[in-house]
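Colleague: For reference, the structure I am asking about is given below.
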Amino acid sequence: MTVRLGLLAILDQGPGYGYQLRSEFDRRTGSTWPLNVGQVYSTLDRLDRDGLVERDEPAPDDTSPEAEGAPAAEASAAGTTQPAGEQQRLWRITAAGRAEVARWLGTAVDTPDATRDELPLKFALAATLPGVDVATLVQTQRRASLAKLQRLTRTKHAGGDPGAPGEFAWRLVVDSMIFAAEAEVRWLDHVESSLRRASLTERQWAVEGVAPTTGVPRSPALTPDPAPTARGRS
């Protein structure tokens, strides 16, 4: 979704060729989400089918680098091949596309629920299973999380000139990753303190026993009713 709407938002600033859009996307996201040329063209094709963009064939006197097929060699080097005509099409946004961009930029991002994240689910399960050394698991995960945080911090400090084109966008994305890593470490501290406060009986229990069966168990609806009891007999 980010690639689709990101390319659409760039086209909202003016028409462009596929390779130009790829370069603009990389520049405006700090190259933190690299795209290949084939991905850009396939996304543009879907936007075209949805009526959000339209494409123009190059004019006979168009001497722009893309219209003359300049990106073809780079696309081939990247392992993606596109028909020559595809690389020479000028893309422009439609009225429906502008409305879609306005809606996207004017609404909050629907972030996925944390319950689908492997990390909290893994610790929730581990904490309830008898015999699992959760304290050691916390230490193992904390070392990995701290290493990731340190790596991201070094990456940020090794960045280029803050005033260089694309540097501001790159730092925004890296800062987001740093804040997420810091939150992960804080959450692990919380898990550790929660483990110390909780007793084993509070958080661990055995799996409920299930009687073994052979074959496929019958549905209760198919189980015959017991024979009626005779009444009124002495």
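Colleague: Could you run the Debye sum over the Cα atoms of the range 114-203, one equal point scatterer each and no solvent, and tell me log10 of I(q)/I(0) at q = 0.14, 0.15, 0.18, 0.24 Å⁻¹, two decimals?
Modeller: Listed by q, the Debye log ratios stand at -0.60, -0.66, -0.82, -1.18.
Colleague: Grab the Cα-Cα distance for VAL173 and GLU118, subtract it from 0.36 nm times how many residues apart they are, and report the gain in nm with one decimal. Provide the component values of the computation, followed by the final result.
Modeller: Numbers: separation 55, 0.36 × 55 = 19.80 nm, distance 2.22 nm.
Result for the pair: 17.6 nm of gain on full extension.
Colleague: If you don't mind, another one. Based on other C-beta atoms within 10 Å, arrange TRP170, TRP187, TRP33 from fewest to most. Working shown, then result.
Modeller: Values: TRP170 21, TRP187 16, TRP33 12.
The fewest-first ordering by Cβ neighbours comes to TRP33, TRP187, TRP170.
Colleague: Per 0.36 nm of contour for each residue apart, how much would the distance between SER42 and TRP187 grow if the chain were fully extended, relative to their Cα-Cα spacing? Kindly include the intermediate steps, with their values, before the conclusion.
Modeller: Values: separation 145, 0.36 × 145 = 52.20 nm, distance 3.97 nm.
That pair, SER42 and TRP187, stretches by 48.2 nm at full extension.
Colleague: Which parts of the range 1-39 would a label at ARG98 reach, counting a residue when its backbone N lies under 17 Å from a point 7 Å out along Cα-to-Cβ?
Modeller: Within reach of a label on ARG98, which here means backbone N under 17 Å from a point 7 Å along Cα→Cβ, the range 1-39 contributes 8-16.
Colleague: Please give the net charge around GLY30, taking every other residue with its beta carbon less than 12 angstrom from that of GLY30, where Lys and Arg add +1 and Asp and Glu add -1.
Modeller: Details: positive: ARG27, ARG28, LYS156, ARG171; negative: ASP26, GLU167, ASP175.
Value of the local net charge: +1.
We did not get these values from a lab; they are worked out from the coordinates using the rules stated. Every value quoted in this text rests on a predicted model; they were computed, and no experiment measured them. Here Cβ is always computed from backbone atoms with ideal geometry, including for glycine, and neighbour counts include all displayed protein chains.
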